[in-house]
1. Over chain A, calculate the relative contact order: mean separation of alpha carbon pairs under 8 Å at least 6 apart, over the residue count, as a percent.
2. What list of ³J(HN,Hα) couplings, whole Hz, do you get for the stretch A:16-29 from phi and the Karplus terms 6.51, -1.76, 1.60, once you set θ to phi - 60° and write x for glycine and proline?
3. Spin-label point model (7 Å from Cα, Cβ direction): what's the A:Asp37 to B:Ala14 distance in nm?
4. In whole Hz, with x marking every Gly and Pro, tabulate ³J(HN,Hα) for the stretch B:127-137 from phi via Karplus 6.51 cos²θ - 1.76 cosθ + 1.60, θ = phi - 60°.
5. What distance in nm separates the two pseudo spin-label positions at B:Ser7 and B:Asp35, each 7 Å out from Cα along the beta-carbon direction?
6. Long-range amide H contacts for A:Asp43: which residues qualify at under 5 Å (H placed 1.01 Å from N, peptide plane, sequence gap of 5 or more or a different chain)?
7. Taking the Cα centre of the stretch A:14-87 as origin and charging only Cβ (+1 Lys, Arg; -1 Asp, Glu), how large is the dipole, in debye to the nearest 20?
8. Give the B-A buried accessible area in Å², both sides summed, 1.4 Å probe, nearest 100.
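The values are calculated or read from the model by the stated rules, or taken from the named source; none is laboratory data. This is a predicted model, so every value here is computed, not measured. Cβ atoms come from the backbone with ideal geometry, glycine included; neighbour counts cover every protein chain shown. Accessible surface is based on the protein model in full, side chains and every heavy atom, while ligands, DNA and RNA are left aside. Shrake-Rupley method; radii C 1.70, N 1.55, O 1.52, S 1.80 Å.
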Amino acid sequence: MSIMKRAGGSAVVTPRQDIVAPVADDLRQELRSLLQDGVTHIDIDMENVDLVDSIGIGLLIATHNSLAEGKGALRLTNVNQDIASLLGKMRLDKHFHVRTA
Amino acid sequence: MFACTCSEGRLSIAMSAELRNIDAACREAECFIDDNDLASNRFAVLLGLREALTNAIVHGSCNDKDLPVRLELKCVNTAIHIQVEDQGGGFDWLNASTTPPSDPRKIDGRGLAIIHEYFDEVGFNEVGNAIRFSKKI
């Protein structure tokens, strides 16, 4: 379970582990509940995340897509250099708001 | 099912096609990385493993626990070699895209592109149910 903080229409989600296939469904449920609750801006604090795989990337994209439809946004913070580089190689570094650690 | 064999410069794993076994395989791979002085390649190796294993479990074995997935890591001279094999029918790897989707909103289709990005050589057996990839270290 991630650490979640709400403030009106914004939320900060801090996963406790890597965003990878075996645990993606759990994080998906958490993010979905925020969206259903009317949250429009989500910060995902990646301080505990050392690695994101393609399933994790897909989840981040899906969340971003949903938020963007409602004129909201997804932001990734405390992203390590390896993950930032991966997002760049996948041409996603300009698609997401990314703040490195 | 999860069976692991480790010898000098080689790690072999046979596991049932369950996503949770990917974490166990990566824990063994981390020990292999440490034992073989591969720390500078940790991210690439673990990421490549996760991509290959996820594809094998989800697409190859269709999450069927009775269809085992096999993994081998070898450290030979100045390169690391990885092979992942499933018991599925394979796929048309010759026509599979090796680059990321041009539309950043697309949520899938990046697994193979990631492996190609981080490894020097990538290949499949004829059927397409075994992937081999390697990287100079």
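1. Numbers: 165 pairs, mean separation 26.3, N = 101.
Result for chain A is 26 percent.
2. My calculation for the stretch A:16-29 gives 9, 8, 4, 9, 9, 3, x, 10, 4, 4, 4, 5, 4, 4 Hz in order.
3. With each label placed 7 Å out from Cα toward Cβ, I get 4.7 nm.
4. The phi angles translate into 5, x, 10, 9, 10, 10, 9, 9, 8, 5, 10 Hz.
5. Reported label-point gap for B:Ser7 and B:Asp35 is 1.2 nm.
6. A:Ala11, A:Val12, A:Val13, A:Arg75
7. Numbers: 5 positive and 12 negative charges, 58 e Å.
The calculation lands at about 280 debye.
8. Details: alone 7840 and 5790 Å², together 11760 Å².
Approximately 1900 Å² gets buried when B meets A.
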